[in-house]
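Report on one structure; see the data block that follows.
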Amino acid sequence: MSGCGNTPSKELRYQIKNVDKTVDVIPDWYTELPVEEDMIYSAGSATAPDLQLAVDIATLNAKTTLADRIDGKLDSMTKSLVSKIGESVDASVITELERVSKNVIAEVDVAGYIPKEVKVFPSDNQYMAFVLLEYSNKEAIKVYTNRLRRQVLFSNDSDELWDELDYETDNTAE
């Protein structure tokens with residue numbers, strides 16, 4: 001009877017070998033992000049058949065993580081139910097645990113990031129890219145301040161225009 005026993009199949013051995021090769025090429029900064037005062041770091045990875053696509057997707061993944069670090073909002077709820085069935089010695093406990101989480105990353109401005117490191121390795125017939133982004137807290141403050149200025153500018157102009165429209169329509173009706 002073939003296929004029995006604890007011997008992994010050829011396909012499984014191939015997959016294990018690929019995972020081992022991947023782990024060997026992961027840059028240190030991917031698993032342990034640099035720590036610098038006034039800097040935020042974020043890493044991303046991707047595999048694709050096209051070099052630029054692999055780098056672009058890895059960058060996008062890193063930007064998503066960066067946006068989450070800057071202004072991600074997490075809602076989470078955990079429910080726990082413990083039931084005892086039976087009496088004394090025969091009693092058993094049934095525990096049920098449910099967790100629901102929602103992570104929202106909405107309209108976070110990450111303009112001004114710098115690709116600090118980009119590493120690309122072959123992965124079978126594809127490219128595996130690792131990207132490290134660096135984002136300055138000072139840059140984040142500039143972006144945030146400019147966004148607030150635009151909001152104030154546009155909201156004031158908008159309010160004035162609506163007031164002017166109301167005034168004109170009220171005076172025209174008379």
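Within segment 79-94, is even one residue touching a Lys or Arg at 6+ places or on another chain (Cβ under 7 Å), without any contact (Cβ under 8 Å) to a residue 24 or more places away in the chain and assigned to a loop (DSSP other than H, G, I, E, B)?
In the first step, residues of segment 79-94 are kept if they are touching a Lys or Arg at 6+ places or on another chain (Cβ under 7 Å); the result is 91, 93.
Within this subset, residues satisfying the condition of being without any contact (Cβ under 8 Å) to a residue 24 or more places away in the chain are 91, 93.
Applying the additional criterion that residues be assigned to a loop (DSSP other than H, G, I, E, B) yields 91.
Checked segment 79-94: at least one residue is touching a Lys or Arg at 6+ places or on another chain (Cβ under 7 Å), without any contact (Cβ under 8 Å) to a residue 24 or more places away in the chain and assigned to a loop (DSSP other than H, G, I, E, B).
Taking every residue in segment 40-54 that is of a type in the set (D, E) and pairing it with any residue that is assigned to a strand (DSSP E or B), at least 6 positions away or on another chain, the pairs with Cβ-Cβ distances below 9 Å are D50/Q126; D50/Y127. Within segment 41-63, the set of residues being small (G, A, S) and under 14 Å from P115 (Cα atoms) comprises S42, A43, G44, S45, A58, A62.
Contact map, segment 9-27: residues that are modelled with pLDDT of 75 or more paired with residues that are among the aromatic types (F, W, Y), Cβ distance under 6 Å, separation 6+ or inter-chain. Pairs shown: V25/F121; P27/F130.
Of the residues L53, L12, only one is within 22 Å of the chain's Cα centre (by Cα) and of a type in the set (A, V, I, L, M, F, W, C); which?
L53
Name the single residue that is nearest to the chain's Cα centre (by Cα) among those in segment 15-35 being of a type outside the set (A, V, I, L, M) and closer than 16 Å to P115 by Cβ. Result: Y30.
Against the definition (surrounded by 10 or more Cβ atoms within 10 Å (Cβ to Cβ), outside any loop (DSSP other than H, G, I, E, B), touching an Asp or Glu at 6+ places or on another chain (Cβ under 9 Å) and not hydrophobic (A, V, I, L, M, F, W, C)), how does Y135 come out, yes or no?
Working: surrounded by 10 or more Cβ atoms within 10 Å (Cβ to Cβ): yes; outside any loop (DSSP other than H, G, I, E, B): yes; touching an Asp or Glu at 6+ places or on another chain (Cβ under 9 Å): no; not hydrophobic (A, V, I, L, M, F, W, C): yes.
So Y135 fails the test.
Among residues belonging to segment 38-93 that are in contact with a helix residue (DSSP H, G or I) (Cβ under 7 Å, 6 or more places away or on another chain) and not aliphatic (A, V, I, L, M), point out the one that is surrounded by the fewest Cβ atoms within 10 Å (Cβ to Cβ). This residue is D38.
From the list N137, N125, N103, pick out the single residue that is in contact with a Lys or Arg (Cβ under 8 Å, 6 or more places away or on another chain) and either among the small types (G, A, S) or over 15 Å from Y30 (Cα atoms) (or both). Working first, answer last.
Values: N137 fails: in contact with a Lys or Arg (Cβ under 8 Å, 6 or more places away or on another chain); N125 fails: in contact with a Lys or Arg (Cβ under 8 Å, 6 or more places away or on another chain).
Matching residue, one of N137, N125, N103: N103.
The values are calculated or read from the model by the stated rules, or taken from the named source; none is laboratory data. Keep in mind the model is a prediction, meaning the values are calculated, not measured. Cβ coordinates were reconstructed from backbone atoms using ideal geometry, including for glycine residues, and neighbour counts include every protein chain displayed.
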